[in-house]
Amino acid sequence: MGLFDKIKSAFTGADKQTEPQEVVEDDVKEVVEDSAAEDTTLEPDDTKKETEQYEKGLKKSRVSFTRRLNELLANFRYEDEEFFEELEDLLIESDVGFEATMQIAEKLRYESKVENVRSMKDAERVIVQTMVDMYGESNPDHHEFNENPDGLTVVLFVGVNGVGKTTTIAKMAHQYIDKGKKVVMAAGDTFRAGAIEQLHIWGDRVGAEVISTKQGGDPAAVVYDGIKTAQESGADILLIDTAGRLQNKKNLMNELEKMKRVISREIPDAPHETLLVLDATTGQNALNQAKIFQETTDVTGIVLTKMDGTAKGGIVLAIGKELGIPVKFVGLGETMNDLHPFDTEKFAYGLFKELIAQTN
């Protein structure tokens, strides 16, 4: 049984026809930590540490959602449509997204009709179980980061200004360098004042070479020089920054297409990832940005920054349901080690820990 199934069974019971199993918080945490024995990439201490980082990083979302759901469920009335409307409002305000909200509310309505839900505890169980199921269904086969096993891995970063794109590039470079990899960064955002200098500062800090040109220069030329430098120096990974203006989608699309043509001409299967960086604290606005970038370029994954600064962790569900783009990384803090590969099980546990414990 995988970690995700263990978490679900800890508060739903393996058989849906039986009463929920009694559980305390330590029981749930134990199944998370015990999963280290099944994990081939992380040592037990690493798994425990990362689980705790997810807990800490999602605290604001967890506390806010738990409090508001408890307040709502205190007045649970399974035959009152007003209650379901209030639940929908709560989920929408938590940036769960319209499609996911309707699915959760309809599930609770159905369970109420067939008399599986008659109490606050029943309602809480159905809501949390449905949301955990939905996190588990969010592109589970496509969230792995795609590295090139035969040579240089090229990663293109897109996103509007101010979302933490350059910092995310630096964090990823730092983590690869810590693993003994050689990293080159290309300053493809030649439009924004200070963007080139900012990437150079980060390059000096983390120990990565930065390829750039003057402000206003041709981003595609920077990409070409970055590829050649990375290849000649035997680099393992090339991280490419891009402009983040959305005022003119046509210019943005043309610029990104030109950069991608240069990349694929030099390395036919590249870029291996095109990561859209979104600021989780902006909620619905982040979803709107994702839709625009999805129209202009082939986004392969999402990086959600500043998850520790938002009370709206439901944005992951909205992205999965409405866009079908996998979240591949989450930023859970401000240090260089706070960028984490997205882990469905740890995310669900970090977001619902108190609610899971309340089901005992």
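Kindly give the semi-axes, whole Å and largest first, of the ellipsoid equivalent to the range 153-343, taking each as the square root of 5 times a Cα gyration tensor eigenvalue.
24, 19, 15
A straight line joining the Cα centroids of the range 65-99 and the range 168-186 runs 42 Å.
As a length-normalised measure over Cα pairs under 8 Å and 6 or more apart, the relative contact order of the range 195-350 settles at 14 percent. With neighbour counts taken as other beta-carbon atoms within 10 Å, the residues Phe145, Phe329 rank, fewest first, as Phe145, Phe329. Here's the list of lysines a cross-link from Lys228 could span, going by alpha-carbon distance under 16 Å and ignoring same-chain residues fewer than 8 apart: Lys182, Lys260. Pairs of C-alpha atoms in the range 309-356 farther apart than 11 Å represent 73 percent of all such pairs. The alpha carbon radius of gyration of the range 69-206, expressed as a multiple of 2.2 N^0.38 Å, is 1.61.
Computed from the coordinates by the stated procedures, all read-outs in this text should not be read as laboratory data. The model shown is predicted, which means the values in this text are computed figures rather than measured ones. Backbone-built Cβ (ideal geometry, glycine too); neighbour counts: all protein chains shown.
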